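Below is one structure, written out as structure tokens; the observations come after it.
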Amino acid sequence: MNESKCILLVEDERQIREAVATALECEGFAVVQAGTAGHAAVEAGARRPDLVILDLGLPDRDGLDFIRDYRAWSPIPILVLSARTLESVKVEALDAGADDYLSKPFGVAELLARVRVLLRRPQVREQIAEPKLAFGDFEVDCVNRIVERGGQPLHLTQIEYRLLVFFAANPGRVLTHRHLLTQIWGGQAAENHQYLRVYVGHLRQKIEDNPAQPRHILTEIGVGYRFQP
Amino acid sequence: MSVPSPRLVAYLWSAIVPVAATFLVLPYRLAIDLSNVALLYVLSVVVTATRFGRGPAVATAIFSSLLFAYVFVPPHFSLAITEIQYLLTAIIMLVVALMVGHITSELKQHADFAERKSLQSKTLYEFSQQLSGAGSSEAVIEATRHFLVHSLGARQADVISPAGFAAPPLPANPALLESCIARGELLSKPLGDGRFYVLLPLGGVGAGQGVLGFDIEAGVLVSPDAVEYVETVASVVSVALERSRFAEIARETEVKHASELLRSSILGALSHDLRTPLAALVSMADTAALGKVSAERQKALLEAIRTQAMSIGQQMMNLLEMAKLSSGALELNRAWQPVEEVLGSALQLIRQQWTEREISLDIAPDLPPICIDAVLIERVLWNLLENAIKYSPADTGVEMSVGQAAGQLEICVNDSGPGLPDADCHRLFNLFQRGKEESDVAGVGLGLSIARTIIEAHEGSISASNRPGGGACFRVLLPIGNPPAMPALEKTP
């Protein structure tokens, strides 16, 4: 089924671009390569890719600007590659609309895993969202607001429920603290990172077997959380 | 109601004192000898001279003689003097009174002068003490400003630095400033409201330490010794400024020297500790490129190349991190966090890199949140775990345990390797210090140094020891503060 998936790879470093393109093609994806933001914009319009892999340090334009412009018209997932290790840069890219990031140097296996998770997501808004979410041995009935684990009902508070549904609806995506706070509590709470940590802690206590070594809600230190189905 | 000037008061007293003396002896004038009365008047002149100085003393002398002649010399209550010897008494009394008044007032002047001088020396002494305590030129300038405002009554006071000569603050004008600098002496200009603006060069002709500018009342700087005093103040300030600038230069040089040292250490580390694994990388790649090794060996080679490259990348990151940490004041981005969050994230990262090693976590329940820079603490945990993995056999596990110890959070990372080389474990945390100088484990000796820098910035401590059963133990202690109360955002249904 990978044949139908097209990936736009935007990277100015030729060696990395070719290595990654080869790996993706070996996995059966169609890869469109671009070395500049200008070229990438043209390809994005012409080829309508299913996923964009974007290096933030491009010669002609800031990668962040590319993300913002692209997000203005397309909901297609963006995976960011960054040589910069600063957490603030990652947060900025994610807040601009990127879905995930990988710091250089990264392993190809890791990259492929992230690509697969992002592509598996229902991304076209026209599709009727499934009112039921499932991950691990959990089932969430979004209509009746019931969470079950292995058939047993699980009691969650209002906020915990909302957090869980939001996480489960965005598998593989790195959600920044700010993004989660505005989604769950509203815009006025955007800076209260402590609330988020506490509630994520509560939620982990209820859904993780080992809250200190979570399987589903993973921490991206300094950035946010990633939900792993 | 206006207060009479002190001068008027003094002359008033010069009249009151002899009048009082007159009324004192008036009832006994027949019993007291005329010469004794004259002496009493001389005494009143002495009193006025001691208290009010020369002018009032002369006035008292003349007024006393007139009173003496009028009241006591027969005929009484008339200025007419009939006998020549009474006239003589009156004249001698006047002369004596004038002389005594003169000498006494001179003495008083000297005493006043000495007192003023000692007060000035005392304030100057206190001021120079303050200046010697000032560490930076800003502190010197602040102390100077405070001194001028409080002991000379200046309303504004500035030190115009040589860099600011082109655009001096008002009311100093460039022309006045220029001539002050060129002549190296005090210059002033009237401000119009009975005050003068004074410019004083610091550091003689050329004003190498800047120019002191302040305003004072017109009366303050009239006498030469007042000018001398202000010039002494200026010289004290200029010495203090010079000293503080030298101290600043010395500090800068020290910082420069330290970063120079760091740079050369980094270069050394790059040339030795990174070149060796790079050479291995090249030869492994070449071997693989020959295409003559078996498919299995080839796979192993490629695997080794990858591991090697990742490890070089890790060392690069450590180098960059260290350069960042030592380039200036470390700024912590602290926030209250559950400990589990940082631990979980560090473990997740380390397990991604070392999939086959067993890493166990033993965490006490109900740990309080701590206020840390999570990114940096994660870095510390990563470094400790990586060390434990690298320096212990591949088939042994690594344990991390977390708990509370004496009001502090205790994180221990234990391995089952050969342990630490010697008892001097503290040395391990120094920059570019490795357990063994030549080791087959890749590294540049930065990880523990980074860990210590970060932990100490968190007011915590880090130590290393050998475990009784073998293996090394690295122990981090972090203070547990008082987490702020959190108002509930959600009502429990």
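Worth pointing out:
- Criterion: farther than 21 Å from residue B:477 by Cβ, among the acidic types (Asp, Glu) and in the same structural domain as residue B:472 (by TED's automatic domain parsing) - qualifying residue of B:378, B:358: B:358
Conditions (1) modelled with pLDDT of 85 or more; (2) closer than 20 Å to residue B:373 by Cα; (3) exposed (fewer than 12 other Cβ atoms within 10 Å of the Cβ); (4) touching a helix residue (DSSP H, G or I) at 6+ places or on another chain (Cβ under 8 Å), marked per residue:
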| site | (1), (2), (3), (4) |
| --- | --- |
| B:451 | yes, yes, no, yes |
| B:455 | yes, yes, no, yes |
| B:465 | yes, no, no, yes |
| B:469 | no, no, yes, no |
| B:473 | yes, no, no, no |
| B:478 | yes, yes, no, yes |
| B:485 | no, yes, yes, no |
| B:490 | no, no, no, yes |
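- Considering region B:123-238, the qualifying strands (runs of 3 or more DSSP E), each wholly inside and each with 2 or more residues that are over 25 Å from the mean Cα position of the chain (by Cα) and acidic (Asp, Glu), run over B:211-217.
- Matching residues in region B:334-358 - criterion: being within 41 Å of the chain's Cα centre (by Cα) and more than 9 Å from every other protein chain (Cβ to nearest Cβ): B:334
- Here B:154, B:175 are screened, and the one residue that is in the same structural domain as residue B:221 (by TED's automatic domain parsing) and either touching a His at 6+ places or on another chain (Cβ under 9 Å) or crowded, with 17+ Cβ neighbours inside 10 Å (or both) is B:154.
- Residue within region A:210-223 that is closer than 27 Å to residue A:114 by Cβ, among the polar types (S, T, N, Q) and surrounded by 21 or more Cβ atoms within 10 Å (Cβ to Cβ) present: yes
- Filter result for the condition that a residue is touching a residue at least 12 places away in the same chain (Cβ under 8 Å), surrounded by fewer than 19 Cβ atoms within 10 Å (Cβ to Cβ) and out of contact with any Ser or Thr (no Cβ under 8 Å at 6 or more places or on another chain), over A:46, A:34, A:23: A:23
- Among the conditions (1) within 9 Å of another protein chain (Cβ to nearest Cβ); (2) of a type outside the set (D, E, K, R); (3) in contact (Cβ under 8 Å) with a residue 60 or more places away in the chain, residue A:193 misses just one, which is (3).
- Yes/no for residue A:151 being more than 10 Å from chain B (Cβ to nearest Cβ) and surrounded by fewer than 19 Cβ atoms within 10 Å (Cβ to Cβ): yes
- Residues satisfying the stated conditions in region B:313-333, i.e. touching a residue at least 60 places away in the same chain (Cβ under 8 Å) and more than 9 Å from chain A (Cβ to nearest Cβ): B:314, B:315, B:318, B:319, B:322, B:323, B:325, B:326, B:327, B:330, B:332
- On inspection, residue A:165 does not qualify as within 14 Å of chain B (Cβ to nearest Cβ), closer than 30 Å to residue B:365 by Cα and among the aliphatic types (A, V, I, L, M).
- Looking only at region B:359-375, and only at residues there that are surrounded by 17 or more Cβ atoms within 10 Å (Cβ to Cβ) and more than 9 Å from chain A (Cβ to nearest Cβ), the one that is farthest from residue B:408 (Cα to Cα): B:359
- Residue count for region A:203-214, restricted to those that are at the interface with chain B (Cβ under 10 Å from one of its Cβ atoms) and in contact (Cβ under 8 Å) with a residue 12 or more places away in the chain: 1
The values are calculated or read from the model by the stated rules, or taken from the named source; none is laboratory data. Since we're looking at a predicted model, the values are computed, not measured. Neighbour counts run over all protein chains shown; Cβ positions are idealised from the backbone, glycine included.
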